[in-house]
Amino acid sequence: MKIIVALILGLSAIFSASLLKEGLTGLKTGDRYVTVKGVAEREVNADLTLWPIRFVASGKTLEQAQAKARSSREAIMAFLKLQAIESSAVELQRLDVTDTRANPYQGEGEQKFIINQTLMVRSKQIERIRQAAQNVSELVDSGVLLSSDYGPGGPTYLFSGLNSIKPEMIAEATKSARQAASQFARDANASLGGLRRANQGVFQILARDQAPGISEQQQPVKTVRVVSTFDYYLE
């Protein structure tokens, strides 16, 4: 009986040792992988621009303020026409009328009406809008009072063709990552195995010329960038 029990215990120990060995071997193999990043960049041109032109007009009466606002609006439309920008690309988006007497914080003073109005230029003619924005001082010379909300940025330049270039950029990032992984495997005296895990990464639209105070949306030429992460097994 004791011999049988000893035999069973011996076989169990051998079987357990075999399982443990296989488990450790699998763990070692599973841990042998390399993580690499693949980068793809592409320079693109904006294909849409939004240019809000906001101006202010005021008067002692509402009629006076309206007349000045009408004059400023006509001056802006004339300016845009000289810049070869069609009137169909311009629309009124916002109109605010303020009666200073209705402001409880204004205090006693002369009644005044203030009209703030925004004309939005929406166009795919990027170069025309860019040139017009550079000549916007002509509006000030003609008597148009641009609002401080107009801001120094001028037009906003957008790129809407990201989906059309995503597949090619992902392929470039994947190729770049595999080349890096292959080089690592050679340096480690190993062979590159299959793909363990992949993370596409986030596509970023960046300013081509990065400088303090300049945003991507202010530049008509942009850089699209994606960084993908891959794990490859090493054999």
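The values are calculated or read from the model by the stated rules, or taken from the named source; none is laboratory data. The structure presented is a predicted model; accordingly, all values stated were derived computationally and were not measured. Positions of Cβ are backbone-derived with ideal geometry, glycine not excepted, and every protein chain shown enters the neighbour counts. Only protein heavy atoms, including side chains, enter the accessible area calculation; ligands, DNA and RNA are left aside. Shrake-Rupley method; radii C 1.70, N 1.55, O 1.52, S 1.80 Å.
Per-residue counts of other Cβ atoms within 10 Å, averaged by peptide: what ranking do you get for 161-173, 187-199, highest first?
Ranked from most to least packed, the peptides come out as 161-173, 187-199.
Using a 1.4 angstrom probe with every protein chain in place, what is the largest-first accessible-area order of Thr229, Thr35?
Ranked from most to least accessible, the order is Thr35, Thr229.
Anything over 22 Å Cα to Cα? Flag those among Lys124/Lys222; Lys81/Lys222; Lys81/Lys112; Lys68/Lys124, in the order listed. Walk me through the numbers before you get to the answer.
Values: Lys124/Lys222 16 Å; Lys81/Lys222 28 Å; Lys81/Lys112 32 Å; Lys68/Lys124 31 Å.
From Lys124/Lys222; Lys81/Lys222; Lys81/Lys112; Lys68/Lys124, over 22 Å: Lys81/Lys222; Lys81/Lys112; Lys68/Lys124.
HN-Hα J couplings of region 87-97 from phi, Karplus 6.51/-1.76/1.60, θ = phi - 60°, integer Hz, Gly and Pro as x?
Values, residue by residue: 5, 5, 8, 10, 9, 7, 10, 8, 9, 10, 10 Hz.
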